[in-house]
Amino acid sequence: MEIRSKHVLITGATKRLGRAMADCLLSEGARLSAHYHTAKDEALLFERSASQKGLAVRSIEADLRQSAAAVNLVKKAVAEFGPIDILVNSASLFYPTPAHSAQGHQWAELLSCNLTSLFFLCQTVHNTQPEGGVIVNLADVYAERALPGYAAYSATK
């Protein structure tokens, strides 16, 4: 797929793998909607740096533990750069949740961010996506081989 001028939305775009993908796609000429939740300083620095290079990037904050936030994230991205050609779901919460002591609020938080929001992001993007659009959902090896001490996280993957 030709990336130049395509609108890409990456969740978790300011850190680790999400940031690496964002940098790569921007270098290929994509117009990037870069989602973040708590990394506001990193997101704004990233946006400013990319804009100074003439790259099309907009940082958008959303708490993906809320399904409405996922829908609003897509609406904001579409308002900025038009329909989303490529959605990359990279964001996730990751913290210990031993099976013998995980709490209900931890289960709900991990499930809502790592699975529920992903569903609604895919649904919302798909319903507005141009023909030939792409949705990429990043998984984790812990989906197949649970990480000891991370029962809830592993279940959401």
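The values are calculated or read from the model by the stated rules, or taken from the named source; none is laboratory data. On a predicted model such as this, the values are computed, not experimentally measured, just so you know. Quick note on the areas: whole protein, heavy atoms, side chains included, nothing else; ligands and nucleic acids left out. Shrake-Rupley method; radii C 1.70, N 1.55, O 1.52, S 1.80 Å.
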Item to check | For the stretch 86-102, Karplus couplings with θ = phi - 60° (6.51, -1.76, 1.60), whole Hz, Gly/Pro x | outcome: 9, 10, 10, 8, 10, 5, 6, 8, 8, 7, x, 8, x, 4, 7, 9, 4
Next on the checklist: Connecting C-alpha atoms closer than 10 Å in a GNM of the chain, tell me which of L64, L110, L93 has the biggest fluctuation.
Outcome noted: L93
Checklist entry - A20 to Q66: extension gain in nm, 0.36 nm per residue of separation minus the Cα-Cα distance? => result 14.0 nm
Checklist entry - If you roll a 1.4 Å probe over the heavy atoms of the protein chains, what accessible area per residue do you get for the chain, in Å²? => result 53
Checklist outcome for this item: The set of residues whose placed amide H lies less than 5 Å from the amide H of K15, leaving out same-chain residues fewer than 5 positions away, is none
Next on the checklist: Can you match Rg/Rh (Cα atoms, Kirkwood Rh) to one of these, [x] 0.95; [y] 0.99; [z] 1.09, based on a calculation from the structure here?
Outcome noted: [y]
Next on the checklist: Rounded to the nearest percent, how much of the accessible area of the chain (1.4 Å probe, protein heavy atoms only) is carbon and sulfur?
Outcome noted: 54
Next on the checklist: Only Cα pairs within less than 10 Å get springs; with that Gaussian network setup on the chain, which residue of A50, A30, A22 has the largest fluctuation?
Outcome noted: A50
Checklist entry - For the chain, modelled as a GNM with alpha-carbon contacts under 10 angstrom, which of S112, S101, S59 fluctuates the most? => result S101
Checklist entry - Relative contact order, percent, of the chain when contacts are C-alpha pairs under 8 Å separated by at least 6 residues? => result 24
Checklist outcome for this item: Taking placed amide H atoms and a strict 5 Å upper bound, the residues 5 or more places from S59 or on another chain that come that close are A34
